[in-house]
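Right, one structure below, let's go through it.
The values are calculated or read from the model by the stated rules, or taken from the named source; none is laboratory data. In this text the structure is predicted, and so the values were computed from the model without any measurement. Ideal geometry is used to build each Cβ from the backbone, glycine not excepted, and the neighbour counts take in all protein chains shown.
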């Protein structure tokens, strides 16, 4: 790899439960990197157990930027992330360190690398129309409608991802074109960094599913339901449609607390939702270019990540 005029930066991506945090924390001990979280759930304060947020000990060893930014009643967008990440990357580079962007919110990675220009502004009238239609047929049915006009975007969204389904349908209403097509047409805003993109992917999807199940069960043991109970007591305006409560597991916990099903079904639904999230994350990763793939199930994963980045750093600093 030839040295370029642009400073180095690293993307460490992967599905949930792929070992991203562990690899990043281990790397902080051995390379001059600073971690920027690329996770749409970790931006929320007081949502710790269900988001698998790094604990205080881990954060002391390896501080993470862009976590605990806003209360659960607020909203944080891909555009917000891009602005914050670009600012932090510049500051980290000025300190003589390397930005290490770690997470599984693939839309954030895409927004950072390619920009978000070219999409129309929100239209309240169209959104009201879409909300009214969804009230009649439900958001899963709206997701099916999206799959007919924009199958690429629909494949990356959960059937209950209200905010993003609404946005994709709104863009189509306003432009007559699929959001995925507009992304392809837009003029890329080149990221002024020499990127190394690493994707942690499983060689055996079944083993990743087992990890997901074990982690969700541990969350339940650690008090996940009580965490959600405290959130809705402190923030009465929270509903299943709140952006924060659409984070995987939280909607299911809300429904459980509302008496819609018991703890055993919460477990099953939470695990299923997390597996679906992992599937969508892997779909995103398969569509990305210039990615170095590593088996996230390899017992020597942290060392493999270090070796790849160590060679990259030697070639770019």
> Of all the helices (runs of 4 or more DSSP H) wholly in the range 44-148, which have at least 2 residues that are closer than 24 Å to residue 245 by Cβ and not assigned by TED's automatic domain parsing to the domain that holds residue 284?
Replying inline: 124-137
>> Anything in the range 288-317 that is under 13 Å from residue 197 (Cα atoms) and in a loop (DSSP other than H, G, I, E, B)? List them, or say none.
In response: 288, 289, 290
> Does the range 149-156 include one or more residues that are surrounded by 14 or more Cβ atoms within 10 Å (Cβ to Cβ), without any contact (Cβ under 8 Å) to a residue 24 or more places away in the chain and closer than 23 Å to residue 79 by Cβ?
Replying inline: yes
> Which residue pairs have Cβ atoms under 6 Å apart, sit 6 or more places apart or on different chains, and have a first residue in the range 290-306 that is without any contact (Cβ under 8 Å) to a residue 12 or more places away in the chain and a second that is surrounded by 15 or more Cβ atoms within 10 Å (Cβ to Cβ)?
Replying inline: 304/294
> Of the residues 154, 168, 158, which is assigned to a loop (DSSP other than H, G, I, E, B), under 23 Å from the mean Cα position of the chain (by Cα) and not assigned by TED's automatic domain parsing to the domain that holds residue 14?
Replying inline: 158
> Any chance the range 294-310 includes a residue that's within 22 Å of residue 70 (Cβ to Cβ) and out of contact with any strand residue (DSSP E or B) (no Cβ under 6 Å at 6 or more places or on another chain)?
Replying inline: no
>> Please verify whether residue 129 is farther than 20 Å from residue 286 by Cβ, touching a helix residue (DSSP H, G or I) at 6+ places or on another chain (Cβ under 9 Å) and modelled with pLDDT of 85 or more, treating the condition exactly as stated.
In response: yes
> Which condition number does residue 163 fail, the rest of (1) crowded, with 16+ Cβ neighbours inside 10 Å; (2) touching a residue at least 40 places away in the same chain (Cβ under 8 Å); (3) part of a helix (DSSP H, G or I); (4) within 21 Å of the chain's Cα centre (by Cα) being met?
Replying inline: (1)
> Taking the range 216-261 as the region of interest, how many residues are touching a residue at least 60 places away in the same chain (Cβ under 8 Å) and either under 25 Å from residue 278 (Cα atoms) or not assigned by TED's automatic domain parsing to the domain that holds residue 49 (or both)?
Replying inline: 18
> If you go through the range 215-253 one residue at a time, how many are crowded, with 17+ Cβ neighbours inside 10 Å and assigned to a loop (DSSP other than H, G, I, E, B)?
Replying inline: 6
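Kindly evaluate residue 184 against the criterion of being over 24 Å from residue 125 (Cβ atoms), modelled with pLDDT under 90 and either surrounded by fewer than 17 Cβ atoms within 10 Å (Cβ to Cβ) or assigned by TED's automatic domain parsing to the domain that holds residue 273 (or both).
Spelling it out, residue 184 is indeed over 24 Å from residue 125 (Cβ atoms), modelled with pLDDT under 90 and either surrounded by fewer than 17 Cβ atoms within 10 Å (Cβ to Cβ) or assigned by TED's automatic domain parsing to the domain that holds residue 273 (or both).
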>> Go through the range 156-170 and report how many residues are modelled with pLDDT of 90 or more and more than 22 Å from residue 239 (Cβ to Cβ).
In response: 0
